[in-house]
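A.B. asks: Below: one structure in structure tokens.
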Amino acid sequence: VPNCNRALAALKEAVLEATLALPASGLATQTWGNVSGVARDAAAVVIKPSGVPYDQLTTDSLVVLSLDGERLEGDLRPSSDAPTHLALYRSFPELGGIVHTHSRWATVWAQAERPIPPLGTTHADYFDGEIPCTRALTPDECREGYEDATGRAIVETFAGCDPLRVPGVLVRRHGPFAWARDVPTARENAQVLEEVAELAVHTLMLAPGVGAMSPALLDRHFTRKHGAAAYYGQP
Ligand SMILES: [Zn+2]
């Protein structure tokens, strides 16, 4: 199927580019971050291999998985977080790309087990409400099927909510996942989540009782950038 192959080749380029942008933008050091993208027509997920230094990554070293985790292409083992990514793609059909990092300020919130409240328009431009924190995993979930359970805990957190309106989450005691309809936007959302997390820590240090911004201001900023009535930027 030539169209599927072209789509997969383009997806590999996008995943590689977003992966290499993680250390460049300060979101990841060592080999901590991972990026994936899904080609829905081919039912194929492209993901970073496990433990390979960023400067050795090429499109050929990326791993292609089915949505159930069967390896379709690639010689290397996929990122150990692959089952989390797959759980999200299976449950959220609108997602096209996912970025997971341990970026510093978002991880501070995750370790504190605190959702990030919307405190200003930087947050509201990208997230239509607080960025939630997942529940604690049970001891059994930590021992067996841990990465898949992490994905299921994220899905539970978004029950009844549109994951594209709040395109990221804090995994409790772990770190952030961000996503979008495509891989470059997922990477952008991961970057913004980190910025918002840092702003929120400092805002609450300066004004511990400040509370969330008004719903009207939140809604104005989110809807002017997203959805049918968006008018931010150039048409
Ligand atoms: Zn992690």
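A.B. asks: Is at least one residue of the range 48-60 on the phi < 0 side of the Ramachandran plot, of a type in the set (D, E, K, R) and crowded, with 20+ Cβ neighbours inside 10 Å?
C.D. replies: Of the residues in the range 48-60, the ones on the phi < 0 side of the Ramachandran plot are 48-50, 52-60.
Subsequent filtering for residues that are of a type in the set (D, E, K, R) retains 48, 55, 60.
Now narrow it down to the ones that are crowded, with 20+ Cβ neighbours inside 10 Å: 48.
Yes, the range 48-60 contains a residue that is on the phi < 0 side of the Ramachandran plot, of a type in the set (D, E, K, R) and crowded, with 20+ Cβ neighbours inside 10 Å.
A.B. asks: Among the residues of the range 170-199, which ones are over 22 Å from Leu86 (Cβ atoms) and in contact with a Lys or Arg (Cβ under 9 Å, 6 or more places away or on another chain)?
C.D. replies: Glu194, Ala197, Glu198, listed by residue number.
A.B. asks: I'd like to know if the range 50-58 contains one or more residues that are farther than 14 Å from Arg71 by Cα and within 13 Å of the ligand (Cβ to nearest atom).
C.D. replies: Step one: list which residues in the range 50-58 are farther than 14 Å from Arg71 by Cα, which gives 51-58.
Pick out the ones that are also within 13 Å of the ligand (Cβ to nearest atom) and you get 51.
Yes.
A.B. asks: What are the residues in the range 167-191 that are surrounded by 21 or more Cβ atoms within 10 Å (Cβ to Cβ) and away from the ligand (no atom under 13 Å from the Cβ), if any?
C.D. replies: Answer for the range 167-191, where residues must be surrounded by 21 or more Cβ atoms within 10 Å (Cβ to Cβ) and away from the ligand (no atom under 13 Å from the Cβ): Pro167, Gly168, Trp179, Ala180, Val183, Ala186, Arg187, Asn189.
A.B. asks: Looking only at the range 137-155, decide whether some residue is under 23 Å from Ala21 (Cα atoms), surrounded by fewer than 19 Cβ atoms within 10 Å (Cβ to Cβ) and within 16 Å of the ligand (Cβ to nearest atom). Give the steps one after another, and end with the answer.
C.D. replies: Taking the range 137-155 first, the residues under 23 Å from Ala21 (Cα atoms) are none.
Looking through the range 137-155, none of the residues is under 23 Å from Ala21 (Cα atoms), surrounded by fewer than 19 Cβ atoms within 10 Å (Cβ to Cβ) and within 16 Å of the ligand (Cβ to nearest atom).
A.B. asks: Among the residues that make up the range 106-126, is at least one of them in a strand (DSSP E or B) and surrounded by fewer than 22 Cβ atoms within 10 Å (Cβ to Cβ)? Break it down stepwise before answering.
C.D. replies: Let us first name the residues in the range 106-126 that are in a strand (DSSP E or B), namely 116.
Now restrict to residues that are surrounded by fewer than 22 Cβ atoms within 10 Å (Cβ to Cβ): none.
The answer is no; no qualifying residue exists.
A.B. asks: Pairs please, first residue from the range 168-183 and in a loop (DSSP other than H, G, I, E, B), second anywhere and polar (S, T, N, Q), Cβ atoms under 9 Å, 6+ apart in sequence or on different chains.
C.D. replies: Pairs found: Arg172/Gln111; Arg172/Thr134; Arg173/Gln111; His174/Thr107; His174/Gln111; His174/Thr134; His174/Thr150.
A.B. asks: All but one of (1) within 16 Å of the ligand (Cβ to nearest atom); (2) farther than 23 Å from Leu164 by Cα; (3) surrounded by 14 or more Cβ atoms within 10 Å (Cβ to Cβ); (4) of a type outside the set (Val, Ile, Thr) hold for Leu27; which doesn't?
C.D. replies: (2)
Since every read-out is calculated from the coordinates, none of them should be taken as a lab result. All values derive from a computational prediction rather than experimental measurement. Because the Cβ atoms are built from the backbone with ideal geometry, glycine has one as well, and the counts that use them run over all protein chains shown.
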